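A.B. asks: Provided herewith is a single structure, encoded as structure tokens, for subsequent inquiry.
Each reported figure results from applying straightforward, stated rules to the coordinates on display, with no laboratory input. Please read these numbers as outputs of a predicted model, since none were measured by experiment. When we count neighbours, we look across all protein chains shown, and the Cβ atoms used for this are built from the backbone with ideal geometry, even at glycine.
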Amino acid sequence: MRMSSLNLRAVEVFVCVCELGSLTRAAMALGLTQPSASRAISGLEEHLGGSLLLRTGRGVTPTELGQAALPRMQSLLTEAEALSTDLRDLGRSPTGMVTVGILPSLTQPLAGLLFDHLRRHFPRLQLRILEGFSPQIEEWLAAGRVDVGLLSHYRRSRSSQEEELLTERLMLVGPPDKRFPREAIPFHALAGLPLVLPARPNGLRVLVDETTARQGVSLDIVMEADCLGAQKDVIRHFGCFAILSPQAVQEALNLGQLRCTTIIEPELTRRAVLASTTHRPLSRGAREVMRAIREITDSLSIEA
């Protein structure tokens, strides 16, 4: 069977029937009569040489052939929709919604700069920002809930779907009235300091725990907090410390609310990584957002 003989409307009917479990409901959802939907399925079955649906007392379910065909037909519809969107957008500004998952430590100033860039260059694009930690953003990408994700790794990424944007040294962050070296502090000197750290399986916490084991030191972890705001609040008001990237607390550092120093022996680093969903083909709008994120992070004065 030639690909050109496959009727996309019939494919759409079949996928909708499988998702709703009813030919009647699928016909209503697609604005068709039930006989029209039945003819579309029959034509598709004739092309494929076998039955796709099994009628039961509670509706319809895909046959063995239907189960094999369903994911490929869903992918075909997604690609066809993306192709249509891209072709419509050629020669004009891309449209639609692009959802981006961003780490709390990178939301400022990236979200504002990204909004400004898109408003000036692609005013017909809508931006949706979801804030989360790396494992959550990875789940969103896998499920297709976000188009683009900006997350962090504490080891070099080996995934072909991820692009390393920048590397940051991790810092010891504390209240401004606490005395500690301004230039650098060795990791073993963190012993005895009241620390606020995220809980496992956070990548930063895993890195700190592994470094602690290698160094043979014991850290005083007084609180576990995955919320960046909670960490900063406890540091400012209760004399505690945290291990963070400078970007995560840049505003508070500029206002003199916090103080930081580089951790050495060993130096700890975080890599900011750009990734896209594999759940569906990227729209032109999503590709433009990724390009904008690259330009913005290149322009940020973050020490590598």
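A.B. asks: Arrange Arg128, Arg205, Arg39 by Cβ neighbour counts within 10 Å, fewest through most, would you?
C.D. replies: Arg128, Arg39, Arg205
A.B. asks: Just to confirm a number: summing +1 for Lys and Arg and -1 for Asp and Glu over residues other than Gly66 whose beta-carbon lies under 15 angstrom from that of Gly66, what do you get?
C.D. replies: Here the charged neighbours net out to -3.
A.B. asks: Mind computing the radius of gyration and Dmax over the alpha-carbon atoms of the chain? Å is fine for both.
C.D. replies: According to the Cα coordinates of the chain, Rg and Dmax are 25.8, 79 Å.
A.B. asks: So what's the angle, to the nearest 10 degrees on a 0 to 90 scale, between helix 64-89 and the longest Cα principal axis of the chain?
C.D. replies: Approximately 70 degrees, to the nearest 10.
A.B. asks: Output needed: percent of Cα pairs per 5 Å distance bin for region 19-109, bins running from 0 to the one holding the longest distance.
C.D. replies: Over region 19-109, the share of Cα pairs per 5 Å bin runs 2, 11, 13, 18, 15, 9, 10, 9, 5, 4, 3, 0 percent.
A.B. asks: Same structure again: Could you tell me how far the Cα centroid of region 106-132 sits from the Cα centroid of region 1-58, in Å?
C.D. replies: If you average the Cα positions of each part, the centres end up 40 Å apart.
A.B. asks: List the residues whose amide H sits under 5 Å from the amide H of Val273, counting only those 5 or more places along or on another chain, with H placed 1.01 Å from N in the peptide plane.
C.D. replies: So Val273 has HN proximity to Leu151, Ser152, His153, Leu165.
A.B. asks: Note the angle between two axes, namely the Cα long axis of helix 134-143 and the longest principal axis of the Cα atoms of the chain, as a number of degrees from 0 to 90, rounded to the nearest 10.
C.D. replies: So the inclination is approximately 10 degrees.
A.B. asks: Show me the ranking of peptides 138-150, 72-84 by mean Cβ neighbours inside 10 Å, starting with the highest.
C.D. replies: The densest-packed peptide leads the list: 138-150, 72-84.
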